[in-house]
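A.B. asks: Handing you a structure now.
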Amino acid sequence: MQVAQVIVDVPTRQTNNPYTYSIPENLNDQIQPGMRVQVPFGRRKVTGFVVELLTNSNYKGKLKSISKLIDLSPVITPELLKLSEWMADQTFSFKINCLQTMLPGGMRTKFKKKLLAADDIRDAYPTIFHGQNEIDYDQQHFNNQAVSQILRLKRTDKIKVHYELSNHAKPVLIKAYQNLLQPNQVDDLLKKIHPNATNQRQLLFILADQPDHPISTTNFKQKGVNGSTLKTAAKNGWLKEMTIRRVRNPFMQPVQKSHPLALNADQQTAVDQLDRAIEDQKNLTFLLEGVTGSGKTEVYLQAMAHALKNGKTALLLVPEITLTPQIVSRIRSRFGDQVAMLHSAMSSGERYDEWQRINNGQAKVVVGVRSAVFAPLTNIGLIIMDEEHDSSYKQDDVPRYQTRDVAKWRAKYNHCPVVLGSATPSLESRARAMKGVYKLLTLPHRFNHHALPHVTIVDMKKEFAHHQSILSQKLTDLVRDRLQKHEQIILLLNRRGYSSFVMCRDCGYVPQCPNCDVSLTMHKDTHTLNCHLCGHKEPIPTECPRCHSTRIRHFGVGSQQLEEQVKKLFPTARVLRMDVDTTRKKGAHEAIINQFGAHKADILLGTQMIAKGLDFPEVTLVGVLNADSALKFPDFRSSERTFQLLTQVSGRSGRANKQGEVVIQTFNPDHYAIQLAKTQDYEKFYQTEMRIRRLGKYPPYYFTVKITGSSPSERQTAYEMHQVANFLRQHLTKSAIVLGPTPKTITRVNNRYYYQIIIKYRYEPQLKSALEKLLEKSQLKQRQGLLVSIDNEPLDFM
Ligand code: ADP
Ligand code: ZN
Ligand code: ZN
C-alpha cells in the first residue's frame, strides 16, 4: 500500500517529523511529493505538505486518510524539499515554517472550499495553470464548474468576466448595425430572436460596435450597463460569458535591448573564471570585491549570459527594493522576457504570477530580494548575491535564515558557482576569502579609472558652536556651487529612526509608549505620536502632563524636516525625498529614481534607501548629515555598518567623468570607521576591525547563537532565562562562552519583557543537542506565557 508522509501545519516539536496518511483511491495516481494536501489532525482539518511517498508503512493500526489535494502539480521542487530539512535544522525552526516561507505570499492562504471531482479539474488544469497571457476558458470546452473551482483555488489569479455576442446574435446585430437601422427597427429585429430584448438594446449597440472583442463587466458598467442586464442577456442566449485570466506584468516600462560591453582587464579576468566554473559545474564560492563603480554589474550580466548559453538558469539576489529598479532594467535589457522579478514592492498577485513563470520553466533568470533565494528554478548554473554584506539578507523572523547560506546550499545541490559581490564585504566573507575557502576576485579601480570621490569630514561639535543648522557651512557652500553648475546632489539622513520626538522645554519630559520602552515618534501628517514597535498612537499633547508647561516642542530631524530646511535654504532647487513615507505607493520608488535619473530634480534626499547601488552619472556631491547615528548602538557590528554605509553612499558621487565630492558630518570625526571610510580603505578597515573582533571574541573568530526569552512579567522572564543559562552552562563544554541573561536594549515591547543570552564558541559538539533539549523544555512553559527563540548567527546582539 502506498502512503504519504505529510508535514502538517501545526508548528510544534512533535509534528516536526512527518505524519503518515493513507491515500484515497482516486488520488493515487495524482499525488506527488511537493503538493499540498488537507488532512485530518485531531478533531481539526489542517493543511500540510507531502514530503515523501512510501510503499510500505511501518505504522501499526489504522491510518487516517488524506481529505483532499490542494495542488494539482507540485509547488515545492524536490530540491526545495531537501533544503527545507537542512534549513529547519540550521535555524532551529519547524519544517512547516520553512516550507511555507518558500511559497510566495499569496499562496500561503488556506483553502476552505470543497474540491470538485478530480478528473474534471485535471483536464482543465494544465492549460489554465501553464497558460499563455490570456485564455478563453470557454473555448477550451472545459467543465465550467471545474474551471471556476480552479480559479477559486488559484485565488491570486486575476480573473475578469467578459461578454461577447453569442454566435446566433452576432450576424443579426452586425447586419442591423451596418445597415444603420433605426432603433425601432433594431427592436423589431431583436424581438424576432427574443421577445424581451428591448431593454437590452443599448447593450447590443455597445457590442455591435466591436463585435470581435469580448468586453469586460467593468467596461460595460462604465457605459451604464449593469450586471443583471448582462446576466439576463447571457441567459437568453444573446451573450456568451467568458473568463479571461491576465498575467500581471510587474515591469512598469519597456526597456531597450542592450548588448554586452567590452570588458576591461579586471572584469575579463573575473568573467573568465566564472565562465570556467559554470562550464565545469564547479561548486566554488567567489568573493567579487570591487570598489563602487568598478563595473561589478557588467561582470554579473556576462556570467549570467554564459550560464544561459550553457542551457542553465541564473539567480541574482539584490538587497531590498533599493537596487531593484535600476538593476532590473539593466538585466531585462540584456535578457528580455526570460527575466522574472521577485521583490516586496510588488503586489502579491504580481509575485504569484512571476513565481508561476519560474515554476513552469518560462523564466530562466530570476532577480529578486531575500526570499527569491527560494525561487523554484531548476538546473541553476549561477547564483549571484550582490551587496552580500547587506543586513536585509538575514531574515529577522522565523525561520531566521541567512540568505548567503541558503544560496551556498543551493549552489552545492546544483553543482554551480556562487558569487558574493560587494565593495565592502562582510568580515565573515573576507576572512573566508583570506583563508582560501572562497576564491577572491578583485576589481580594484573604478571603471575607466574615474577617480574615487574626494571626502571631507566636518566635525559637528565645532560646527554647532557657531552655526546651528543641520547643514554645515561647508556642505551648504558646496550644494550652492553644484546647483549653479547644474550638477546633482544626494543628501543622506542616516536611519529612519532618527526622526523627531516631543520634549517639554521646561522639565525635559519625553512622551513614552505605554507598552514599550521607547519614546514616541512625531508624525506630522497624522498629527500623532506613534510607537514604531507596537503601533500605539496618541494625539500630540499641547501641554506637558508632568509640569503643565505649554512649551512642548519637537526635536530631532526627520527627512520631512530636512526637506523643509533644504527648500528654505535653496528655494529654487528642485528637491525629491525618498523614504518609507514617500515610497509607500506602488511604483513610487521607481518613479523617484527615474525622475532623478532624468535630471528633473537637483537634490535627492532620504534615508538609507538612497545609499546603495544607484548609478546616477550627474551626481557630483554627496552629503551625509549624521554619519555616526549607527555608532551609538551597543552592537559589535556598528563600526562595520557605519563603514559600509559611508563607503556605499560616497560611491554614489562622481561615477562618470566629473570628479565627485563627499561631505561627512559627524560628532566623532576621529572614529576609525569614519576616518577609513574617508579614504575608502577597505583593506585597513578589515585589518583594524579583525583585531577588535579577535580581542572581543566576536565573529568571524567565534560563532554565535542568540537566545531570546520573553513573557508578560519581567521577574518571570529573568528567572526563566537564568534557568536557561544554567542549563546551557551545564550542557555545553567548557570552551563555549555563555553570556547573560541580560535585558535587551529595549526590554519591554508590547508589554512583554525581553532578555537574551549569547553563546560564543569555536567548536562545540554539544551545541545542537543542548539547544534541541532547550526548545523541548521551553515548549512546556509556553502555557505560562514564556516564549523562547533561537537565532543562529544573529546579525546583532541588541
Ligand atoms: P558597481 O556595481 O561595481 O558599483 P557598475 O556596474 O554600476 O559598478 O558600473 C559603474 C559604471 O561603469 C556604470 O555606469 C557602467 O555602465 C559602467 N561600466 C561598467 N563596466 C563597463 C564596461 N565594460 N564598458 C563600459 N562601461 C562600463
Ligand atoms: Zn514639563
Ligand atoms: Zn509601543
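The values are calculated or read from the model by the stated rules, or taken from the named source; none is laboratory data. Predicted model, so just to flag it, every value in this text is computed and none were measured. For neighbour counting, all protein chains shown are included, and Cβ atoms are generated from backbone atoms with ideal geometry for every residue, glycine included. Each accessible area value is taken on the protein alone, full model and side chains, heavy atoms only, with ligands, DNA and RNA left out. Shrake-Rupley method; radii C 1.70, N 1.55, O 1.52, S 1.80 Å.
A.B. asks: Grab the strands (runs of 3 or more DSSP E) fully contained in the stretch 278-380, keeping just those with 3 or more residues being more than 16 Å from ligand 3 (Cβ to nearest atom), in contact with a helix residue (DSSP H, G or I) (Cβ under 6 Å, 6 or more places away or on another chain) and free of Cβ contacts under 8 Å to residues at least 60 places away in the same chain.
C.D. replies: none
A.B. asks: Also, quick follow-up: Out of everything in the stretch 303-334 that is surrounded by fewer than 20 Cβ atoms within 10 Å (Cβ to Cβ), within 13 Å of ligand 1 (Cβ to nearest atom) and at pLDDT 85 or above, what residue ends up being farthest from residue 426 (Cα to Cα)?
C.D. replies: In this case the residue turns out to be 333.
A.B. asks: Only residues in the stretch 751-777 that are open to solvent by 50 Å² or more (accessible area, probe 1.4 Å) count as the first member; pair them with residues that are among the charged types (D, E, K, R), Cβ under 7 angstrom, at least 6 apart or cross-chain, and list the lot.
C.D. replies: The qualifying pairs are 753/714; 754/744; 776/13.
A.B. asks: Taking only the stretch 67-90 into account, find how many residues are in a helix (DSSP H, G or I) and among the β-branched types (Val, Ile, Thr).
C.D. replies: The first filter runs over the stretch 67-90 and keeps only residues in a helix (DSSP H, G or I), leaving 78-90.
Restricting the remaining residues to those that are among the β-branched types (Val, Ile, Thr) gives none.
Counting residues in the stretch 67-90 that are in a helix (DSSP H, G or I) and among the β-branched types (Val, Ile, Thr) gives 0.
A.B. asks: Which numbered condition trips up residue 513, out of (1) over 27 Å from residue 754 (Cα atoms); (2) more than 16 Å from ligand 1 (Cβ to nearest atom)?
C.D. replies: Just one mismatch for residue 513, condition (1).
A.B. asks: Which residues, counting only those in the stretch 511-544, are at pLDDT below 85 and within 15 Å of ligand 2 (Cβ to nearest atom)?
C.D. replies: 519
A.B. asks: State which residue is farthest from ligand 1 (Cβ to nearest atom) when the search covers only the stretch 356-390 and only residues that are open to solvent by 10 Å² or more (accessible area, probe 1.4 Å) and closer than 16 Å to residue 80 by Cα.
C.D. replies: 360
Residue by residue, here is whether (1) aliphatic (A, V, I, L, M); (2) under 26 Å from residue 788 (Cβ atoms); (3) surrounded by fewer than 20 Cβ atoms within 10 Å (Cβ to Cβ) holds:
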{"residue": "1", "(1), (2), (3)": "yes, no, yes"}
{"residue": "10", "(1), (2), (3)": "yes, yes, yes"}
{"residue": "13", "(1), (2), (3)": "no, yes, yes"}
{"residue": "18", "(1), (2), (3)": "no, yes, yes"}
{"residue": "33", "(1), (2), (3)": "no, no, yes"}
{"residue": "36", "(1), (2), (3)": "no, no, no"}
{"residue": "42", "(1), (2), (3)": "no, yes, yes"}
{"residue": "46", "(1), (2), (3)": "yes, yes, yes"}
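A.B. asks: While we're looking at this one, here's another question. Please count how many residues of the stretch 602-647 are open to solvent by 10 Å² or more (accessible area, probe 1.4 Å) and within 16 Å of ligand 1 (Cβ to nearest atom).
C.D. replies: Counting residues in the stretch 602-647 that are open to solvent by 10 Å² or more (accessible area, probe 1.4 Å) and within 16 Å of ligand 1 (Cβ to nearest atom) gives 7.
A.B. asks: Another question, if that's okay. Return the pair list, or none, for Cβ contacts closer than 6 Å from residues in the stretch 443-460 that are more than 16 Å from ligand 3 (Cβ to nearest atom) to residues that are open to solvent by 10 Å² or more (accessible area, probe 1.4 Å) and aromatic (Phe, Trp, Tyr), at least 6 apart or on different chains.
C.D. replies: Matching pairs, first to second residue: 460/667.
A.B. asks: Also, quick follow-up: Just to verify a result, which residue in the stretch 521-563, among those that are of a type in the set (D, E, K, R) and not in a loop (DSSP other than H, G, I, E, B), is least open to solvent (accessible area, probe 1.4 Å)?
C.D. replies: That would be 563.
A.B. asks: Spot the failing condition for residue 529; the list is (1) within 22 Å of residue 344 (Cβ to Cβ); (2) in contact with a Cys (Cβ under 9 Å, 6 or more places away or on another chain), and only one is missed.
C.D. replies: (1)
A.B. asks: Can I ask one more? Look at residue 612 and say whether it is at pLDDT 80 or above and either more than 19 Å from residue 662 (Cβ to Cβ) or of a type in the set (Lys, Arg) (or both).
C.D. replies: No, not satisfied.
A.B. asks: Further question: Report, ordered by the first and then the second residue, all pairs with beta carbons closer than 7 Å, sequence separation of six or more or different chains, a first member in the stretch 403-417 that is at positive phi, and a second member that is assigned to a loop (DSSP other than H, G, I, E, B) and crowded, with 22+ Cβ neighbours inside 10 Å.
C.D. replies: none
A.B. asks: For the stretch 672-699, give me the residue count where each residue is part of a loop (DSSP other than H, G, I, E, B) and open to solvent by 40 Å² or more (accessible area, probe 1.4 Å). Full working, then the answer.
C.D. replies: Taking the stretch 672-699 first, the residues part of a loop (DSSP other than H, G, I, E, B) are 679-681, 696-699.
This time we only want the ones that are open to solvent by 40 Å² or more (accessible area, probe 1.4 Å), so: 679, 681, 697-698.
Number satisfying all stated conditions: 4.
A.B. asks: While we're on this one: Which of the helices (runs of 4 or more DSSP H) contained wholly in the stretch 409-498 include at least 3 residues that are open to solvent by less than 50 Å² (accessible area, probe 1.4 Å) and within 28 Å of residue 700 (Cβ to Cβ)?
C.D. replies: Filter on the stretch 409-498 gives 427-435.
A.B. asks: Right, next: Does residue 549 satisfy the criteria of being small (Gly, Ala, Ser) and more than 8 Å from ligand 2 (Cβ to nearest atom)? Full working, then the answer.
C.D. replies: Numbers: small (Gly, Ala, Ser): yes; more than 8 Å from ligand 2 (Cβ to nearest atom): no.
So residue 549 does not fit the description; no.
A.B. asks: Kindly establish whether residue 702 is hydroxyl-bearing (Ser, Thr, Tyr) and surrounded by fewer than 18 Cβ atoms within 10 Å (Cβ to Cβ).
C.D. replies: The answer is yes for residue 702.
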